[in-house]
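K.L.:
Encoded as structure tokens, here's the structure I'll be asking about.
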Amino acid sequence: MGTIIKGGTLVTESDVFQSDLVLDRGKIVAIGRDFTPQPGTEVVDARGRYVMPGGIDAHVHFQLPFCGTVSSDDFVNGTKAAACGGITTVIDYAIQVKGRPVMEAVKNRRAEADGRVCIDYSLHAGLTDWSENSPRELEQLIDYGIPTIKMFMIYKDQGWMADDFMLYRALEETARIGAMIELHAESVFVMDGLIKKYHRDFRKLGAWGHVLSRPAFVEEEAVQRAIKWAEVTNGRVYIVHMSAGAAADAVKAGQERGVSVYAETCPQYLLLDDSVFTKKNGHWYATCPQIKKREDADRLWRGVINGEVSLIATDTCTFTTKQKAMWHGDFTKIPYGMPGVETMVPLMYTFGVGKKRFSLNRFVQLVSTNPARLHGLYPRKGTLTVGADADVVVFDPKKKFVITPKRLQTNCDWSPYDGWKLTGYPAMTFSRGRLVAREGKFIGETGGGQFVRREPWGAIEGRIKK
Ligand code: URP
Ligand code: ZN
Ligand code: ZN
């Protein structure tokens with residue numbers, strides 16, 4: 001039994017070489033040439049294709065109750081969409097209800113996801129409260145296989161916001177036990193003040209009010225502050241969905257003086273700019289943080305190329321045009337978020353490797369190996385090695401694909417990249433050895449994915465192969 005992926009070009013963060021890959025019982029069992037298939041072995045012809053570790057999207061929000069609605073990709077469809085786009089592991093969030101144990105949120109979220117996910121998944125624990133029990137709760141999370149703690153510097157009204165001392169304490173405690181703080185960094189008081197200020201003119205401003213109320217310095221200042229708290233506590237901080245060029249400068253400066261600060265950015269911050277808000281349906285593009293200026297995108301690309309940005313994730317939080325219409329012209333009422341998990345890998349290939357911004361190795365590092373390393377999944381996931389999970393993508397570098405909502409699995413009737421032409425698309429996705437997607441269509445079994453335990457002390461060496 002098992003599968004031989006034959007004749008392909010294997011790509012890891014450090015190598016590109018011709019080899020066959022043998023998958024059996026959910027694992028990679030051999031790498032080499034000229035294996036003789038046993039009766040019943042599936043042989044996949046991968047000639048002319050890249051064979052790479054499955055993508056890992058470390059930032060998704062499936063069926064998230066948010067902004068008065070629920071994000072439209074649930075655990076079933078979101079993970080199907082992920083598989084179609086070459087992703088084999090997603091990390092979602094279990095956000096603590098203030099005053100309740102964090103583990104309660106984890107168990108509730110698992111009850112929503114287990115038996116429904118179609119690829120493997122894990123959870124970050126969202127910490128919204130601090131008490132004398134918190135250090136013990138953090139230890140419990142590590143024992144449970146959740147070494148990443150999400151904190152928000154904004155979202156006061158949702159009850160998610162952490163103040164600076166809470167962040168400081170959490171950094172201190174997580175430094176001790178090998179967890180990492182994943183941080184939504186925006187400066188809440190200035191941002192909320194600006195929202196109030198521009199809201200007076202919301203009818204005139206339309207979606208542009210979203211741009212005016214969330215300038216780049218709102219993120220830059222919060223990132224600087226968070227880096228300071230990581231520096232003095234010896235903690236590790238990971239900036240999620242970094243959108244501002246000046247924030248990348250702050251991350252680089254922090255890294256240069258030895259602070260453990262990492263950053264993720266998302267395709268929307270690299271590929272779009274705030275001119276999208278002037279479109280007829282500009283409000284569709286509202287996310288939090290918002291998409292910044294072209295100069296910011298250019299700076300983020302440099303960060304991706306040079307290393308201060310460690311990885312790409314999507315912050316998938318899908319809202320349909322009907323859900324977006326809930327804004328009724330008021331920029332403060334737009335459900336924030338967009339689809340993304342299905343298009344991350346091919347977009348990064350076309351606009352990264354295809355445009356010669358970075359190498360094939362760096363592509364794999366950004367969408368698979370670094371997310372695995374930092375999130376405690378490596379080397380079980382994020383690489384092609386004997387003994388690793390058989391999470392594998394056969395990628396067709398020549399395939400032309402025009403992004404259209406109808407061709408995508410995601411539960412969304414619009415795409416930020418509608419009409420964009422890609423060269424290179426996942427041809428097959430294997431999740432623990434099972435073929436789950438072929439040519440952009442989900443063909444796996446609903447509920448075939450599993451919750452994966454992750455290890456603490458995840459880190460990267462910062463090695464980049466240009
Ligand atoms: O707009 C977004 N990103 N929605 C999801 C919540 C968050 O802050 O990541
Ligand atoms: Zn966020
Ligand atoms: Zn998010």
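The values are calculated or read from the model by the stated rules, or taken from the named source; none is laboratory data. Quick caveat, the model's predicted, so the values are computed rather than measured. Positions of Cβ are generated from backbone atoms using ideal geometry, with glycine treated the same way; all protein chains shown enter the neighbour counts.
K.L.:
Of all residues being outside any helix (DSSP H, G or I) and within 13 Å of ligand 1 (Cβ to nearest atom) in the range 163-190, which is surrounded by the most Cβ atoms within 10 Å (Cβ to Cβ)? Just the residue, please.
P.N.:
Applying the filter and picking the extreme gives ALA185.
K.L.:
Restricting attention to the range 270-311, which residues are in contact with a helix residue (DSSP H, G or I) (Cβ under 8 Å, 6 or more places away or on another chain) and within 16 Å of ligand 3 (Cβ to nearest atom)?
P.N.:
Scanning the range 270-311 gives TYR285, ALA286, THR287, PRO289, GLN290, ILE291, LEU311.
K.L.:
Restricting attention to the range 253-275, and to residues there that are of a type in the set (D, E, K, R) and within 19 Å of GLU186 (Cβ to Cβ), which single residue is nearest to the chain's Cα centre (by Cα)?
P.N.:
Restricting to residues being of a type in the set (D, E, K, R) and within 19 Å of GLU186 (Cβ to Cβ), the top hit is GLU264.
K.L.:
Please verify whether the range 11-25 includes one or more residues that are modelled with pLDDT of 95 or more, surrounded by fewer than 20 Cβ atoms within 10 Å (Cβ to Cβ) and aromatic (Phe, Trp, Tyr).
P.N.:
Initial filter on the range 11-25 (modelled with pLDDT of 95 or more): 11-25.
This time we only want the ones that are surrounded by fewer than 20 Cβ atoms within 10 Å (Cβ to Cβ), so: 14-19, 24-25.
Checking which are aromatic (Phe, Trp, Tyr) leaves us with 17.
Taking every residue of the range 11-25 in turn, at least one turns out to be modelled with pLDDT of 95 or more, surrounded by fewer than 20 Cβ atoms within 10 Å (Cβ to Cβ) and aromatic (Phe, Trp, Tyr).
K.L.:
Let me ask you something else. So which of SER122, SER131 ends up being away from ligand 1 (no atom under 16 Å from the Cβ), touching a His at 6+ places or on another chain (Cβ under 8 Å) and over 24 Å from LYS292 (Cα atoms)?
P.N.:
Testing whether each residue is away from ligand 1 (no atom under 16 Å from the Cβ), touching a His at 6+ places or on another chain (Cβ under 8 Å) and over 24 Å from LYS292 (Cα atoms) leaves just SER122.
K.L.:
Search the range 38-53 for residues that are among the polar types (S, T, N, Q) and loosely packed, with under 12 Cβ neighbours inside 10 Å and pair each with any residue that is outside any strand (DSSP E or B) and modelled with pLDDT under 95 when their beta-carbon atoms are under 8 Å apart and the residues are at least 6 apart or on different chains.
P.N.:
Correct list of pairs: GLN38/MET1.
K.L.:
Name the residue, out of GLY86, GLY126, that is buried (at least 16 other Cβ atoms within 10 Å of the Cβ) and at positive phi.
P.N.:
Details: GLY126 fails: at positive phi.
Among GLY86, GLY126, only GLY86 is buried (at least 16 other Cβ atoms within 10 Å of the Cβ) and at positive phi.
K.L.:
Kindly indicate whether any position in the range 234-241 is part of a helix (DSSP H, G or I) and either crowded, with 20+ Cβ neighbours inside 10 Å or at pLDDT 95 or above (or both). Working first, answer last.
P.N.:
First pass over the range 234-241, keeping only residues part of a helix (DSSP H, G or I): none.
Scanning the range 234-241 turns up no residue that is part of a helix (DSSP H, G or I) and either crowded, with 20+ Cβ neighbours inside 10 Å or at pLDDT 95 or above (or both).
K.L.:
In this structure, is GLU137 buried (at least 17 other Cβ atoms within 10 Å of the Cβ) and under 29 Å from VAL259 (Cβ atoms)?
P.N.:
Considered against the rule, which asks whether it is buried (at least 17 other Cβ atoms within 10 Å of the Cβ) and under 29 Å from VAL259 (Cβ atoms), GLU137 comes out as yes.
K.L.:
Next question. Would you confirm whether or not the range 289-311 contains a residue that is closer than 16 Å to ILE181 by Cα and within 16 Å of ligand 1 (Cβ to nearest atom)?
P.N.:
yes
K.L.:
Got a sec? Which strands (runs of 3 or more DSSP E) wholly within the range 27-82 have at least 3 residues that are among the aliphatic types (A, V, I, L, M) and more than 21 Å from LEU374 (Cβ to Cβ)?
P.N.:
27-32
Residue-wise test of (1) in contact (Cβ under 8 Å) with a residue 12 or more places away in the chain; (2) farther than 26 Å from GLY258 by Cβ; (3) away from ligand 2 (no atom under 14 Å from the Cβ).
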| site | (1), (2), (3) |
| --- | --- |
| ILE146 | yes, yes, yes |
| GLY159 | yes, yes, yes |
| GLU172 | yes, no, yes |
| VAL188 | yes, yes, no |
| ASP192 | yes, yes, yes |
| ALA207 | yes, yes, yes |
| GLU221 | yes, no, yes |
| ALA230 | yes, no, yes |
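K.L.:
Inspect the range 106-118 for any residue being surrounded by fewer than 19 Cβ atoms within 10 Å (Cβ to Cβ), of a type in the set (S, T, N, Q), modelled with pLDDT of 95 or more and more than 24 Å from ASN370 (Cβ to Cβ) and give the result as yes or no. Quick ask: steps written out before the conclusion?
P.N.:
Going residue by residue through the range 106-118, those that are surrounded by fewer than 19 Cβ atoms within 10 Å (Cβ to Cβ) are 107-108, 110-112, 114-115.
Adding the requirement that they be of a type in the set (S, T, N, Q) leaves 108.
Restricting the remaining residues to those that are modelled with pLDDT of 95 or more gives 108.
Next, only the ones that are more than 24 Å from ASN370 (Cβ to Cβ) stay: 108.
Yes, there is a match, as at least one residue in the range 106-118 is surrounded by fewer than 19 Cβ atoms within 10 Å (Cβ to Cβ), of a type in the set (S, T, N, Q), modelled with pLDDT of 95 or more and more than 24 Å from ASN370 (Cβ to Cβ).
K.L.:
Can you find, within the range 130-162, the residue that is farthest from VAL452 (Cα to Cα) among those that are under 20 Å from the mean Cα position of the chain (by Cα), assigned to a strand (DSSP E or B) and not charged (D, E, K, R)?
P.N.:
So, considering only residues that are under 20 Å from the mean Cα position of the chain (by Cα), assigned to a strand (DSSP E or B) and not charged (D, E, K, R), the one farthest from VAL452 (Cα to Cα) is PHE152.
K.L.:
Within the range 61-75, does at least one residue satisfy the condition of being touching a residue at least 40 places away in the same chain (Cβ under 8 Å), out of contact with any helix residue (DSSP H, G or I) (no Cβ under 7 Å at 6 or more places or on another chain), on the phi > 0 side of the Ramachandran plot and within 14 Å of ligand 1 (Cβ to nearest atom)?
P.N.:
yes
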